[in-house]
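**Student:** Can you keep this structure in mind? I'll have questions shortly.
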Amino acid sequence: MDRSHRPAALPQALREIDEARSPVTGRATDYPAGWHIEPHAHAKHQLIYAVRGVMAVKAEAGRWVVPPTRAIWMRAGMTHEIRCIGEVHMRSLQVAPDAAPRLLDETQAVGISPLLRELIRSAMEVRQPYVPGTRDGRVMRLILDELRALPVLPLHLQMPSDPRLLRICERLQQHLDDSTTMAGWARQLVVDVKTIQRLFLKETGLTFGQWRQQARLLRALELLATGEKVIDVALSLGYESPSAFATMFRRQFDQTPSQFFAES
């Protein structure tokens, strides 16, 4: 591991990020497989991006699985933690809340264009604090322009707060091949089916079926990223066939699983 990119103690890393004076700063850190970054929050917005590896990000706003070519836009003040699936080479940006207008106002999974990817790499070499109007200053200014155009991606899973729904969701996350219907859950929880329908939409923005599919999708991304075969992933998540799983995947990303990870 590159000594300059070795994981630092979190409190010191937090101080460095939040005390930086420039509108945009970059930080490069390589993490070994299985590394867990404990729950924390920043005073600045953060673009959490990995040029290698997959990150599972958990925050108050939900849960995301983030492969390369994708990233998380983490709003300032949002408590979050990160689990590294495989070795992760993180190249993150920290952005002062007043650095630019029209930045994303919610924590989201976002796409990273080829241009922004190269700008992020350049930002890792910028000496801080940089001077506006210099080459470094123009690179950082262009980064802010690109951040205003980030495409939002469907890599998010919103957890409910209602204890009845939470029981369902926690069970499904542990057993994603569970095929219990909403009527079956209604009987177990002694609650009306329409109540479950209404609460799922209210608290997660998804129907019961959509939430289960999204949970399966995020878990599939984790498994595929570690080299699992599509057929094994599909069957372990309760799909009748690899083709049924591939159809769902293409509907979400407009790509097959192999195309999605080939891009990464």
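The values are calculated or read from the model by the stated rules, or taken from the named source; none is laboratory data. The shown structure was predicted, so the numbers you read here are calculated from the model rather than taken from an experiment. Quick reminder, even Gly has a Cβ in these numbers, built from the backbone with ideal geometry, and neighbours come from all protein chains shown.
**Student:** Evaluate the following for Arg171: is it assigned by TED's automatic domain parsing to the domain that holds Val193 and either free of Cβ contacts under 8 Å to residues at least 12 places away in the same chain or under 20 Å from Ile48 (Cβ atoms) (or both)?
**Tutor:** yes
**Student:** Report the residue count in region 14-59 for those that are surrounded by fewer than 17 Cβ atoms within 10 Å (Cβ to Cβ) and either modelled with pLDDT under 85 or assigned by TED's automatic domain parsing to the domain that holds Leu224 (or both).
**Tutor:** Qualifying residue count for the region: 6.
**Student:** Take the residues in region 154-170 that are in contact with a Phe, Trp or Tyr (Cβ under 9 Å, 6 or more places away or on another chain) and assigned to a helix (DSSP H, G or I); name whichever of them is farthest from Leu119 (Cα to Cα).
**Tutor:** Arg164
**Student:** Then there is this: Going by what's in this entry, would Ala186 be described as under 23 Å from the mean Cα position of the chain (by Cα) and small (Gly, Ala, Ser)?
**Tutor:** No; evaluated as a whole, the condition is false for this residue.
**Student:** May I ask you to verify whether Thr204 is over 23 Å from the mean Cα position of the chain (by Cα) and among the polar types (S, T, N, Q)?
**Tutor:** Judged against the criteria, Thr204 is not a match.
**Student:** Restricting attention to region 218-230, which residues are of a type outside the set (Asp, Glu) and more than 13 Å from the chain's Cα centre (by Cα)?
**Tutor:** Matches in region 218-230: Ala220, Leu223, Leu224, Ala225, Thr226, Gly227, Lys229, Val230.
Conditions (1) farther than 30 Å from Arg121 by Cβ; (2) among the basic types (Lys, Arg); (3) crowded, with 16+ Cβ neighbours inside 10 Å, marked per residue:
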position	(1), (2), (3)
Ala149	no, no, no
Arg198	yes, yes, no
Phe208	yes, no, yes
Arg216	yes, yes, yes
Ala234	yes, no, yes
Phe249	no, no, yes
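**Student:** Now, a different point. Which of the residues spanning region 120-147 are basic (Lys, Arg) and loosely packed, with under 12 Cβ neighbours inside 10 Å?
**Tutor:** Matches in region 120-147: Arg127, Arg135.
**Student:** Residue by residue through region 101-119, note down the ones that are small (Gly, Ala, Ser) and surrounded by fewer than 17 Cβ atoms within 10 Å (Cβ to Cβ).
**Tutor:** Gly111, Ser113
**Student:** Give Val95, Val65 a once-over and let me know the one that is closer than 21 Å to His36 by Cα, in contact (Cβ under 8 Å) with a residue 60 or more places away in the chain and surrounded by 16 or more Cβ atoms within 10 Å (Cβ to Cβ).
**Tutor:** Val65
**Student:** Mind listing whichever residues of region 129-153 are outside any helix (DSSP H, G or I) and either among the hydrophobic types (A, V, I, L, M, F, W, C) or in contact with a strand residue (DSSP E or B) (Cβ under 6 Å, 6 or more places away or on another chain) (or both)?
**Tutor:** Val131, Ala149, Leu150, Pro151, Val152, Leu153
**Student:** Within region 177-189, can one find any residue that is without any contact (Cβ under 8 Å) to a residue 12 or more places away in the chain, closer than 27 Å to Phe260 by Cβ and surrounded by 14 or more Cβ atoms within 10 Å (Cβ to Cβ)?
**Tutor:** No, region 177-189 has no match at all.
**Student:** Name the residue that is modelled with the lowest pLDDT, counting only residues in region 221-257 that are of a type in the set (Gly, Ala, Ser) and closer than 18 Å to Gly86 by Cα.
**Tutor:** Among those that are of a type in the set (Gly, Ala, Ser) and closer than 18 Å to Gly86 by Cα, it is Ala225.
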